[in-house]
Amino acid sequence: PARTARPSDDPIFALNREATARKSKGEAVVNATVGALLDDAGRLAILPSTARAIHEVPDAEWAAYAPIAGTPEFVRAVIDDLFSLTPELAAAACGVATPGGTGALRHAIANFLEPGQKLLTTSYYWGPYQTLADEGDRGIETFRMFDDDGGLDIAALDAALGAQLARQGRALLFLNDPCHNPTGYSMSMEEWEKVAAVLARHAEKAPVTLLSDMAYFTFADGEPRAFMRFLAPLLGKCGLLFAWSASKSFTHYGLRVGALVACEPDPVERARVEAALTYSCRGTWSNCNRGGLYAVTKLLTDPALKAACDAERNALKENLRARVAAFNAKAKGKLRYPRYDGGFFVTVFADDAEARAARMREKGVFVVPGKGTLRVALCGVAEKDIDTLVAALAD
């Protein structure tokens, strides 16, 4: 009975299906719904080196089962990719392969919260966080994401974390950064330093675990791993989890390759964490796509392939940066939205979000309405269509 009233489709994919159907009939449509990077001709942007590496995977690798936790080579490659600037985190790391970043989030919820408990995240968040928690018989609580100056509300996080620990005796905090989905906000190093201090203080009283959702980190400006230097001192004090995904980084969303990495300095405790995560793999999807693991491992470890992918991705990032700059130039003074420096999405604040999104759909412009927000997937909007998009949002 608890499952009889559940919706049959994710609202984002339902909107995308409607937009695609109308476009196929010849209608002029601007589709800013799904988080997949398209080129300015509306085609899926694909890294050629990734496609080549996938086509070169031996038949036996596609056909064979992967180990339950993923191939050791893949897990090691992900750890090296994440912690290239923080060897102390790399030395304390273990992990398992997951079907995309979503699988990593699922494992974090299942293993670091008891049934009936709630994860904590920002007031604007990726909708499937709620779905994952609900499916796992857990819940979700939020803290106000932005303070009155438009920065991360550290005081709100501090208060919410304290209240949650008092109520349920432990906390699992999801922070999606850099290039937050859905707002496009990226935390400053000063904000990360303050967050780490808050976590350290509360972790003295009860178990606190941070999950860094790294789905979009390769599309951030600057060094996207720089914030990890503030997490390294938390080793042994806080649980540290990292949800890693190949979907966006390597432009192959359907390959479903991801990982959950945990950092625990005590080898006995680290073995317990690794065993629990592996057990969860067996109890859900059993194994991941071995051919995908093979290809992504090669992309992460072969110097020539890695360099080619980096160059190709940088070209896509330049395209995306041009869209972000165009959006900021057109939207300034017309729309209310957080600081947007880069990434696949931006969120526009709107009190009448559902009604506004419905009016926009009548004009052939598709965005995703939320509670007081409209999520705009700029990753799928050609630069030439940004005028139309901003006009529809502002109307």
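What the table shows:
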| quantity | calculated |
| --- | --- |
| Those helices (runs of 4 or more DSSP H) lying entirely in segment 79-165 with at least 1 residues under 15 Å from the mean Cα position of the chain (by Cα) and under 18 Å from L211 (Cβ atoms) | 100-112, 128-135 |
| Residue list for segment 342-395, filter: part of a loop (DSSP other than H, G, I, E, B) and under 23 Å from W126 (Cβ atoms) | G342, G343, F344, A350, D351, D352, V367, G370, K371, G372, V381 |
| Only listed residue being open to solvent by 50 Å² or more (accessible area, probe 1.4 Å) and either outside any strand (DSSP E or B) or of a type in the set (V, I, T) (or both), chosen from R323, R339 | R339 |
| Near pairs, Cβ below 6 angstrom, 6+ apart or cross-chain, from segment 74-85 (small (G, A, S)) to any residue that is assigned to a helix (DSSP H, G or I) and buried (at least 19 other Cβ atoms within 10 Å of the Cβ) | A77/T297; A77/L300 |
| Test: G70 is open to solvent by less than 20 Å² (accessible area, probe 1.4 Å), at positive phi and either touching a His at 6+ places or on another chain (Cβ under 6 Å) or touching a residue at least 40 places away in the same chain (Cβ under 8 Å) (or both) | yes |
| Qualifying position, being within 22 Å of the chain's Cα centre (by Cα) and surrounded by fewer than 18 Cβ atoms within 10 Å (Cβ to Cβ), among D302, D310 | D310 |
| Number of the exception - V365 against (1) of a type outside the set (G, A, S); (2) free of Cβ contacts under 8 Å to residues at least 60 places away in the same chain; (3) open to solvent by less than 40 Å² (accessible area, probe 1.4 Å) | (2) |
| Flag for Y216 being within 18 Å of G151 (Cβ to Cβ) and either surrounded by 21 or more Cβ atoms within 10 Å (Cβ to Cβ) or touching a strand residue (DSSP E or B) at 6+ places or on another chain (Cβ under 7 Å) (or both) | no |
| Any helices (runs of 4 or more DSSP H) falling wholly within segment 227-301 and containing at least 2 residues that are at pLDDT 95 or above and touching a Cys at 6+ places or on another chain (Cβ under 7 Å) | 267-282 |
| Residue tally, condition of a type in the set (S, T, Y) and open to solvent by less than 30 Å² (accessible area, probe 1.4 Å), over segment 108-135 | 3 |
| Residue that is nearest to L316 (Cα to Cα), among those in segment 173-208 that are part of a strand (DSSP E or B) and open to solvent by less than 10 Å² (accessible area, probe 1.4 Å) | L175 |
| Residues of segment 37-48 that turn out to be part of a loop (DSSP other than H, G, I, E, B) and either among the charged types (D, E, K, R) or open to solvent by 20 Å² or more (accessible area, probe 1.4 Å) (or both), as a count | 6 |
| Selection count, segment 245-275, where residues are under 26 Å from A232 (Cβ atoms) and surrounded by fewer than 16 Cβ atoms within 10 Å (Cβ to Cβ) | 8 |
| Any hit, segment 312-323, residues being more than 22 Å from T98 (Cα to Cα) and of a type in the set (G, A, S) | yes |
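Yes or no, residue by residue, for (1) among the small types (G, A, S); (2) closer than 18 Å to R375 by Cα:
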{"residue": "D137", "(1), (2)": "no, no"}
{"residue": "D148", "(1), (2)": "no, no"}
{"residue": "A160", "(1), (2)": "yes, no"}
{"residue": "Y185", "(1), (2)": "no, yes"}
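The values are calculated or read from the model by the stated rules, or taken from the named source; none is laboratory data. Note that the structure is a prediction, hence the values are computed from the model and not measured. Don't worry about glycine lacking a Cβ; one is built from the backbone with ideal geometry, like all the others, and counts go over all protein chains shown. Quick note on the areas: whole protein, heavy atoms, side chains included, nothing else; ligands and nucleic acids left out. Shrake-Rupley method; radii C 1.70, N 1.55, O 1.52, S 1.80 Å.
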